[in-house]
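Asker: Quick one: this structure, given as structure tokens, is what I'll be asking you about.
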Amino acid sequence: MLGVAVLGVGDIANTHIEAFCQLKNRCRIIALADVNIRKAEEKKKKYALDCDVTDDYRSLLEREDIQIVSICLPPALHCRAAVEFLDRGKHVLCEKPMAVSLEECDRMLKSAEKGHARLGIVAQNRFKQDVMKTKKLIDQGALGRLLYAQANSLWWRGDHYYDLCWRGTWEKEGGGCTFIHAVHHIDLFLWMMGEVESLQAMVDNQNHSGSEVEDVSMCMVRFKSGAAGTLVSSLLHHGEKQNLFIDGVKGSIEIPHYLSVSKQLQNGYPVCDEDVCRQLEEQYEAIPDLKYTGHTGQIEDFVAAVEQDREPLVSGKDGRLTMEFITAVYQSAFLGCRVNFPMTEVDPFYSKEGILKHTVKFHEKTKSVDSFADIGISVGGTL
């Protein structure tokens, strides 16, 4: 039985707690930690947990009955907490984004190696049925050579979203919609398409006057395979619409799921190739369903990785690749240049200090509250 500590009991912690509770035969929540001890006590009561509660996670560092630490803290606190536990051999599952800079990501990876511990980064959308089946279909070569991908991370957030004290600041949150929301789609973008060669981007703030950070971003991508891609992230679209389009020589696939295959007429215009499309649909449907999905699917995989002493499906290295992409978007947008990969310590946006030096505050943050009422959040929309 693996002992679990959850650091931070904000809204996202609910999904972690619920997932660990579903795996009660393999792991048990030992402790909750939050600077707001009252909220931690309320969370303990809400889920009827038999666990300790503390306002200082450092009191858990030497606990031998804790093997897994689930970090649900604001992004600016991820690195410090993760490093302290990883150095002591504790396995860490960290909420996205991995950290607020590549320098912090590298510190986390080094600590995982030093402590011989597993490091996983939350990317729960990989554990959706249509996402996993799409990935396996691509890996089977069903679409042939990949040509182009387009990802849309379209959400709507009102001004009050940025009232939370750490949100909407480069210092405490680390970025805007690209960093906090599109992180999901960037992970899938890279997982499906492979390594990036270069990108160019722009960012802006159109409608959130109480936030320093961007509420819309766009980028054009060249993958090392030769494929091209575009990604748009926005908090301006009313509703929540996230999708991913992937075009290959043999056909196109979308998430949420849709398959299309065209063949040309004598004049080059398209007509649906129904036979090939049917074959691809059958190949897609033959891929087994996941037993667990979403956060539960990812947390089950992480628990299994600890049990089996293997890398989790979404590792610290994967988290760094996503952070590298996000960092490149900001470096390209604020310096007005194309960014070539890989990014290293010589890049001006490699460290948090470099990011704070070169980014621009679109607006001044005007409101600050410590927490919101526990009324629920959206964690995935349509993708």
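The values are calculated or read from the model by the stated rules, or taken from the named source; none is laboratory data. These numbers come from a predicted model, not from an experiment. Positions of Cβ are backbone-derived with ideal geometry, glycine not excepted, and every protein chain shown enters the neighbour counts.
Asker: Using beta carbons and a limit of 9 Å, which pairs, at least six apart or on different chains, have the first residue in segment 73-90 and closer than 24 Å to Cys165 by Cα and at pLDDT below 95 and the second one buried (at least 20 other Cβ atoms within 10 Å of the Cβ) and aliphatic (A, V, I, L, M)?
Answerer: Correct list of pairs: Pro75/Met98; Pro75/Ala99; Pro75/Val100; Pro75/Ile180; Ala76/Ala99; Ala76/Val100.
Asker: Next up: Would you call Glu282 surrounded by fewer than 17 Cβ atoms within 10 Å (Cβ to Cβ), of a type in the set (Asp, Glu) and either at pLDDT 95 or above or within 36 Å of the chain's Cα centre (by Cα) (or both)?
Answerer: Yes; evaluated as a whole, the condition is true for this residue.
Asker: Give the residues of segment 219-240 that are of a type outside the set (S, T, N, Q), touching an Asp or Glu at 6+ places or on another chain (Cβ under 9 Å) and within 27 Å of Lys172 (Cβ to Cβ), sorted by residue number.
Answerer: Leu235, Leu236
Asker: Regarding Leu231, is this residue under 30 Å from Gly248 (Cβ atoms) and in a strand (DSSP E or B)?
Answerer: When the stated conditions are applied, Leu231 passes them.
Asker: Here's a follow-up. With respect to Val83, determine if the residue is of a type in the set (A, V, I, L, M), out of contact with any Cys (no Cβ under 9 Å at 6 or more places or on another chain) and more than 21 Å from Thr15 (Cα to Cα).
Answerer: yes
Asker: Based on this model, can you work out whether Arg58 counts as out of contact with any helix residue (DSSP H, G or I) (no Cβ under 8 Å at 6 or more places or on another chain) and outside any strand (DSSP E or B)?
Answerer: So Arg58 fails the test.
Asker: May I pose another question? If Ile17 passes every condition in (1) farther than 14 Å from Glu95 by Cβ; (2) free of Cβ contacts under 8 Å to residues at least 40 places away in the same chain; (3) hydrophobic (A, V, I, L, M, F, W, C) but one, which one does it miss?
Answerer: The number of the failed condition is (1).
Asker: Being closer than 27 Å to Arg118 by Cβ, without any contact (Cβ under 8 Å) to a residue 12 or more places away in the chain and outside any loop (DSSP other than H, G, I, E, B) is the filter here, so list the residues in segment 274-329 that pass it.
Answerer: Answer for segment 274-329, where residues must be closer than 27 Å to Arg118 by Cβ, without any contact (Cβ under 8 Å) to a residue 12 or more places away in the chain and outside any loop (DSSP other than H, G, I, E, B): Ala304, Gln308.
Asker: Let me ask something additional. Which residue is farthest from Asn152 (Cα to Cα), if the candidates are limited to segment 181-226 and must be of a type in the set (Gly, Ala, Ser) and touching a helix residue (DSSP H, G or I) at 6+ places or on another chain (Cβ under 6 Å)?
Answerer: If we take residues in segment 181-226 being of a type in the set (Gly, Ala, Ser) and touching a helix residue (DSSP H, G or I) at 6+ places or on another chain (Cβ under 6 Å), then Gly210 is farthest from Asn152 (Cα to Cα).
Asker: Take the conditions part of a strand (DSSP E or B) and under 21 Å from the mean Cα position of the chain (by Cα) and apply them to Glu240. Does it pass?
Answerer: Here the answer is yes, as Glu240 does meet what is asked.
Asker: Kindly state which helices (runs of 4 or more DSSP H) lie completely within segment 68-162 and contain at least 3 residues that are surrounded by fewer than 19 Cβ atoms within 10 Å (Cβ to Cβ) and either within 20 Å of the chain's Cα centre (by Cα) or not assigned by TED's automatic domain parsing to the domain that holds Met218 (or both).
Answerer: Helices (runs of 4 or more DSSP H) meeting the threshold: 102-114, 129-139.
Asker: From the list Gly239, Gly229, Gly210, pick out the single residue that is out of contact with any strand residue (DSSP E or B) (no Cβ under 7 Å at 6 or more places or on another chain) and in the same structural domain as Asn340 (by TED's automatic domain parsing).
Answerer: Result of the check over Gly239, Gly229, Gly210: Gly210.
Listed here are the residues, each with its yes/no results for (1) touching a helix residue (DSSP H, G or I) at 6+ places or on another chain (Cβ under 7 Å); (2) of a type in the set (Asp, Glu).
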residue: Val4; (1), (2): yes, no
residue: Val35; (1), (2): no, no
residue: Arg38; (1), (2): no, no
residue: Glu41; (1), (2): no, yes
residue: Glu64; (1), (2): no, yes
residue: Ala76; (1), (2): no, no
residue: Val83; (1), (2): yes, no
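Asker: So which residues in segment 31-46 are outside any helix (DSSP H, G or I) and over 25 Å from the mean Cα position of the chain (by Cα)?
Answerer: Correct list: Asn36 only.
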